[in-house]
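First up is the structure itself, then whatever we jot down about it.
The values are calculated or read from the model by the stated rules, or taken from the named source; none is laboratory data. This structure is a prediction, so every number in the text was calculated from the model and none was measured. All Cβ positions, even for glycine, are placed from backbone atoms using ideal geometry, and neighbour counts span all protein chains on display.
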Amino acid sequence: MNARMNSPDSNPDWLEPVQNRRLADAEIAALRARLSASPLEARWLEEELALNAALSARPLPEISGNFAARVWSDIDRPATTTRSEPAGWAIRLFGWWEALRSGPVVALGTVLVAAALGWGQVSRHQQSVLAANLSEISRTAPDVEVLRDFESIRAMAVKPEPGDLALIAALDGSSGVH
Amino acid sequence: MSEAPDADAELMLRVQRGDREAFDLLMTRWQQPVLHFIFRTLPDADEAEDLTQAVFVQLWRTAPRYQPSARFSTFLFTIARNLCLNEVRRRSRHPTQPLEAGAHGTDDDGADSGRERQYPDSRQAPADLGIQQSELVSKVDEALSDLPEKQRTALTLCREGELSYDEIADVLGTSLQATKSLIHRARETLKARLKPYLKSGDWEATSPSEHR
């Protein structure tokens, strides 16, 4: 019995026809006679035949009498169209309209409009803040005369030069200030 | 069915040219094996027939793609298998939705589903089974459904589709050796699982006419 668990290549030659096709009664009888001398193979044959009988015992439906008519009805059913073919421009316009009517497009449009409105709000706020800042700057900024030497003052060293210190001391001495 | 592949290929070439009579001949020849194959995957007669209908509609529409070098049976059962797999996947995603709302003529809201059966239906109901036989049949169905898909498909194509091992290999996209192995393993699994029934059940091979 172990032979049956091997690959199909090692199976006896009678097995494939038994499994694969409908055998006539005479063929079955001939097989039984042939294998009668080998009890193991004879038992194997009976198990295969019993499985065939079990598989065949399950009822199968019969095709209905109007099957072909239903197939042709399906094949010949016209494609479902609910409107006549419009002109090209109308197709494009209607296409856009149909797209706009679609839920996702409407939602996307709403989001874009909201974003645009929000951006406008932010922009106006920023402009008002900028204006306020400029106003403050103009109020507190020094005169132009003061700013004239701005670059010169910026270029001066952080620490005073010795000559500058001497000049300051001289000036302080003449003014009585230390 | 598979003994006249050249005739079927020739008919299919005529179908490519719009020959409806040729298509009718192919339908008459293959509708039952396709239905039986699908029924083993979707064990509901109405749904199996609806899917069989879809197979032949698809066959007509994809006729331009048929290559004469390929066996017609392979082409046909590849369509059938793919539609079965799609349906199984669809059910796994939407387990409560039926295959076809109009399977019995109308949609759920009563509207014409477009698949209304306008023609007399002469389908025969399956024969009544005894309680014991029904239980045994359910055991076999259960064992089959537990097989891996390729094993089950190979076995079903062999038994219900009546395809040769070569044709089955083409449908599954496997080698001939692999196909034989699939069928062999499937049968060994079924025999092991159904052993008590095979020994003592109603299927004991006492009548030669039951063998296949």
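Scanning the stretch A:33-75 for residues that are more than 10 Å from every other protein chain (Cβ to nearest Cβ) and not in a loop (DSSP other than H, G, I, E, B) turns up A:ALA33, A:ARG34, A:LEU35, A:PRO39, A:LEU40, A:GLU41, A:ALA42, A:ARG43. Does A:ALA30 satisfy the criteria of being at pLDDT 90 or above, part of a helix (DSSP H, G or I) and more than 9 Å from chain B (Cβ to nearest Cβ)? So A:ALA30 passes the test. So, B:LEU51, is that one part of a helix (DSSP H, G or I), at the interface with another protein chain (Cβ under 10 Å from one of its Cβ atoms) and out of contact with any strand residue (DSSP E or B) (no Cβ under 8 Å at 6 or more places or on another chain) or not? When the stated conditions are applied, B:LEU51 does not pass them. Of the candidates B:PRO64, B:PRO68, the single residue that is touching a residue at least 24 places away in the same chain (Cβ under 8 Å), more than 12 Å from chain A (Cβ to nearest Cβ) and either of a type in the set (A, V, I, L, M, F, W, C) or part of a helix (DSSP H, G or I) (or both) is B:PRO64.
Within the stretch B:128-139, residues that are closer than 11 Å to A:LEU55 by Cα have Cβ atoms under 6 Å from residues that are modelled with pLDDT under 75 in these pairs: B:LEU136/B:GLY201, counting only partners at least 6 apart in sequence or on another chain.
Within the stretch B:28-44, the only residue that satisfies the criterion of being over 11 Å from the mean Cα position of the chain (by Cα) and either buried (at least 20 other Cβ atoms within 10 Å of the Cβ) or not in a helix (DSSP H, G or I) (or both) is B:ASP44.
Within the stretch A:57-77, residues that are within 22 Å of B:SER138 (Cα to Cα) have Cβ atoms under 7 Å from residues that are assigned to a helix (DSSP H, G or I) and of a type in the set (Gly, Ala, Ser) in these pairs: A:PRO61/B:ALA45; A:PRO61/B:ALA48, counting only partners at least 6 apart in sequence or on another chain.
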